[in-house]
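Visitor: Next up is a structure, given as structure tokens.
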Amino acid sequence: MNIKVGIVDYSLGNIYAIKNIFLSLNCHVLVSDTLSELSKCDLLILPGVGSFPYAMTNLKKKKLISFIIKWSEENKFILGICLGMQLLCNYSHENKKTKGLGIIQGNIVNNEENIANIGWNLLHCNTNDNFLKIGKKDYFYFNHSYCYKGPINYQLYECKKNPKIIAIIKHKNTYGVQFHPEKSQSSGLLFLKKFLVRVQNGN
Amino acid sequence: MATKRIIGAVIIKDGLAVQSFNFNNYLPLGDPIILIENLDRWGADEILILDIDRSRNNLGPNFDFLENLSKFKIKTPLIYGGGIKNKFDAIDVVQKGIERIVIDQWLNSNFNEVKELSSILGRQAIITCFPLSIKKDEIKYYNYLNYKHTSISKSFMTDLKKVSSEILVIDYKNEGSFGNFNVDLINKLLPVYNLEMIAFGGISPQQINNLLSIKEISAICIGNYLNYKEHNIQLLKQSLKNKNIRPEKFLKEI
């Protein structure tokens, strides 16, 4: 695929894993914190693994916040993965109340019973806008202690098991996934392929 | 919540994957990347890489190995333990493509720094390692650097819950000894500490059924056994009665 993927380097996240999965999908991949370089990309990735306040501090230090918000407002593609998805929201209560990017309405709150959700889950679609067509037997890998709570119109998929965990959120062409597609084996790879087709088609 | 997990373990010593017996005797198996690729291809739920001589020899994490491993595009979540002794090590390990880290000796030397790391990476990314045994009916923590067994306090374990998501309970005495995992380790820990646990060390398929029926056991970690046969993880899953796991899936590419 002739897609330029820009992985936003905010000094956190499993960057090498994400870089290599997109390389295996024949994308051009750039890992950068430089606005002029990231501007040339078709898709921005906000990687996961880390805490919300630390990530927001780093985004602020690197002067990336207004750049990412503007990118979304211009209806360009963003995919936030795990922590990257949470950063897209208004606030998180992880460690302390911290302001997020505010691109997708909703907040990040502690998982029920304060238990980390670690492992594999099936997904259930919440909307008709289902270009992803995730299969009923497709499991995805989750690893998070906090989760999304927000308006239903931003929710695309949720986990099948209780308690309810929102798995995919979206606003315009900004998408957030609570799971790790890059570490969800064949299901994750298929998800990314479908997502890249959407990026390539431009809507 | 998510399904319980079957974790494939690869033990590395001096750069080679080894079959380990009690973390004391070792049989070389070869290139660890080949074993990791196999577990990835066979659909392990997570892969644990334990680089056991890094802390003992004060070598720090093996970044060259992790960077090389990332080129193999492993699509299974990776856990790495070995020589992590400060927050910079931990963040660098994650950036090399690792989702979760195992902390062992650092926990003993500087708990406050581990706490700080938890506020940076999130506690879901941190697993604490506990080689344990039972002596005179009491659980003892084994420090493999000074070969001493010490008691573990309730306050320490309560603090641990705040900084890590799971503890890796290693029956180090029975590790490599098929079917001899001492379930009393779990039974003694459970009523007191109420932590999410990963059981590791000499676990047979028969024991897995029993262990997975315990609410607080979130995963089973298996080393040597999985390497003997193609798709052994999927065959193992097929044989399990506990259905709160991701079902087996036989594919050329998982």
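The values are calculated or read from the model by the stated rules, or taken from the named source; none is laboratory data. Just so we're clear, the structure is a prediction, and the values are computed from it rather than from any experiment. No Cβ is skipped: glycine too gets one built from the backbone with ideal geometry, and neighbour counts run over all protein chains shown.
Visitor: Would you point out the residue of the stretch B:147-159, among those that are under 23 Å from residue B:54 (Cα atoms), surrounded by 10 or more Cβ atoms within 10 Å (Cβ to Cβ) and not charged (D, E, K, R), that is farthest from the other protein chains (Cβ to nearest Cβ)? Working first, answer last.
Guide: Restricting attention to the stretch B:147-159, the residues satisfying the condition of being under 23 Å from residue B:54 (Cα atoms) are B:147-150.
If we keep only those that are surrounded by 10 or more Cβ atoms within 10 Å (Cβ to Cβ) as well, we get B:148-150.
From the residues that got through so far, the ones that are not charged (D, E, K, R) too are B:149-150.
Values: B:149: 29, B:150: 27 Å.
The selected residue is B:149.
Visitor: Still on this model: Can you name the residue in the stretch B:49-80 that is more than 13 Å from chain A (Cβ to nearest Cβ) and buried (at least 19 other Cβ atoms within 10 Å of the Cβ) and, of all such residues, is modelled with the lowest pLDDT?
Guide: Checking each candidate, the answer is B:55.
Visitor: Let me ask something additional. Among the numbered criteria (1) part of a helix (DSSP H, G or I); (2) in contact (Cβ under 8 Å) with a residue 12 or more places away in the chain, which one does residue A:203 miss?
Guide: Tallying (1) part of a helix (DSSP H, G or I); (2) in contact (Cβ under 8 Å) with a residue 12 or more places away in the chain, residue A:203 fails exactly one: (1).
Visitor: Can you name every residue in the stretch A:149-167 that is hydrophobic (A, V, I, L, M, F, W, C) and surrounded by 16 or more Cβ atoms within 10 Å (Cβ to Cβ)?
Guide: A:156, A:159, A:165, A:166, A:167
Visitor: When you scan the stretch A:86-100, do you find a residue that is among the small types (Gly, Ala, Ser), at pLDDT 95 or above and under 30 Å from residue A:34 (Cα atoms), even just one?
Guide: Going residue by residue through the stretch A:86-100, those that are among the small types (Gly, Ala, Ser) are A:92, A:100.
Those still in the list that are at pLDDT 95 or above too: A:92, A:100.
Now restrict to residues that are under 30 Å from residue A:34 (Cα atoms): A:92, A:100.
The answer is yes, given that some residue of the stretch A:86-100 is among the small types (Gly, Ala, Ser), at pLDDT 95 or above and under 30 Å from residue A:34 (Cα atoms).
Visitor: Of the residues in the stretch A:145-190, how many are among the aromatic types (Phe, Trp, Tyr) and more than 14 Å from chain B (Cβ to nearest Cβ)?
Guide: The first filter runs over the stretch A:145-190 and keeps only residues among the aromatic types (Phe, Trp, Tyr), leaving A:146, A:148, A:154, A:157, A:175, A:179.
Those left that are additionally more than 14 Å from chain B (Cβ to nearest Cβ): A:148, A:154, A:157, A:175.
Qualifying residue count for the region: 4.
Visitor: Follow-up. Tell me, yes or no, whether the stretch B:23-30 has at least one residue that is among the small types (Gly, Ala, Ser) and within 10 Å of chain A (Cβ to nearest Cβ). It would help to see each step written out before you state the result.
Guide: Applying the first criterion (among the small types (Gly, Ala, Ser)) to the stretch B:23-30 yields B:30.
Now restrict to residues that are within 10 Å of chain A (Cβ to nearest Cβ): none.
Checked the stretch B:23-30: no residue is among the small types (Gly, Ala, Ser) and within 10 Å of chain A (Cβ to nearest Cβ).
Visitor: Are any of the residues in the stretch B:45-52 in contact with a Ser or Thr (Cβ under 8 Å, 6 or more places away or on another chain) and more than 24 Å from residue B:89 (Cβ to Cβ)? Walk me through how you get there before you give the answer.
Guide: From the stretch B:45-52, those in contact with a Ser or Thr (Cβ under 8 Å, 6 or more places away or on another chain) are B:45-47, B:52; that's our starting set.
This time we only want the ones that are more than 24 Å from residue B:89 (Cβ to Cβ), so: B:45.
Within the stretch B:45-52, one or more residues are in contact with a Ser or Thr (Cβ under 8 Å, 6 or more places away or on another chain) and more than 24 Å from residue B:89 (Cβ to Cβ).
Visitor: Turning to a different aspect of this structure: Quick check on the stretch A:1-15: of everything there that is out of contact with any Pro (no Cβ under 9 Å at 6 or more places or on another chain) and buried (at least 22 other Cβ atoms within 10 Å of the Cβ), which residue is farthest from the other protein chains (Cβ to nearest Cβ)? Outline the logic, then answer.
Guide: Step one: list which residues in the stretch A:1-15 are out of contact with any Pro (no Cβ under 9 Å at 6 or more places or on another chain), which gives A:1-6, A:11.
Filter once more, keeping what is buried (at least 22 other Cβ atoms within 10 Å of the Cβ): A:5-6.
Working: A:5: 15, A:6: 17 Å.
Filtering first and then ranking leaves A:6.
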